[in-house]
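First comes the structure, then the notes that go with it.
The values are calculated or read from the model by the stated rules, or taken from the named source; none is laboratory data. Since the model is a prediction, treat every value here as computed from it, not as a measurement. Every residue, glycine among them, receives a Cβ derived from its backbone with ideal geometry; neighbour counts consider all protein chains shown.
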């Protein structure tokens, strides 16, 4: 591996940095964007059953908030009811929607960085290719034919092009996968939030 890096020349270092960042983002998002950490099965039903008689304690609400993304959204509604038991439906929904926006931003965390790497990596590879071509033409200058420099220029051009694509393709695939995951979870959060609101504020006939 060290020999490849040396053959690829100094333009490979920005690509290596991009690869490390992309890998770190992928691992972090794979860990974070899991069903159990975003929309755990059975959590909403458990909360609805618990709140049929009374509201949970503040301690229970705080634990729910730290439990998952859905727990944070549900906790926002419960806290609105705890602070003001006579709060209107619009006030309740405003708190839940604000929590939903915060959760949505957390779910999208680092995705823009991953998408940027998928776009920039081929350009960095192209930049390395240009550097290699400059070295090739420099080695062919009149009176300065240098086979070693020619070979080095070719290796710089090819290795950087390959590295750029090797980094960009998995990053793009991962970005699209995580983007679809976020959209799916956001939809589930919206559906559960509406069901949660209807639990406290049932739809009136004729509305």
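Let's see how each residue does on (1) closer than 29 Å to residue 183 by Cα; (2) without any contact (Cβ under 8 Å) to a residue 12 or more places away in the chain:
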{"position": "59", "(1), (2)": "no, yes"}
{"position": "64", "(1), (2)": "yes, no"}
{"position": "71", "(1), (2)": "yes, no"}
{"position": "76", "(1), (2)": "yes, no"}
{"position": "100", "(1), (2)": "yes, no"}
{"position": "104", "(1), (2)": "yes, no"}
{"position": "108", "(1), (2)": "yes, no"}
{"position": "116", "(1), (2)": "yes, yes"}
{"position": "123", "(1), (2)": "yes, no"}
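Looking across segment 1-13 at every residue that is buried (at least 17 other Cβ atoms within 10 Å of the Cβ) and assigned to a helix (DSSP H, G or I), the one that is modelled with the highest pLDDT is identified as 12.
Of all residues in segment 22-52, those being in a helix (DSSP H, G or I) and closer than 24 Å to residue 198 by Cβ number 10. Filtered by the rule that a residue be crowded, with 17+ Cβ neighbours inside 10 Å and farther than 21 Å from residue 97 by Cα, segment 28-39 gives a lone residue, 29. Screening segment 40-52 for residues that are in contact with a helix residue (DSSP H, G or I) (Cβ under 8 Å, 6 or more places away or on another chain) and within 17 Å of residue 185 (Cβ to Cβ) and picking the one that is surrounded by the fewest Cβ atoms within 10 Å (Cβ to Cβ) gives 41.
Give the residue that is farthest from the chain's Cα centre (by Cα), with candidates limited to residues of segment 98-112 that are surrounded by fewer than 16 Cβ atoms within 10 Å (Cβ to Cβ) and in a helix (DSSP H, G or I). Restricting to residues being surrounded by fewer than 16 Cβ atoms within 10 Å (Cβ to Cβ) and in a helix (DSSP H, G or I), the top hit is 98.
Note on segment 53-83: residues that are surrounded by 16 or more Cβ atoms within 10 Å (Cβ to Cβ) and in a helix (DSSP H, G or I) amount to 17.
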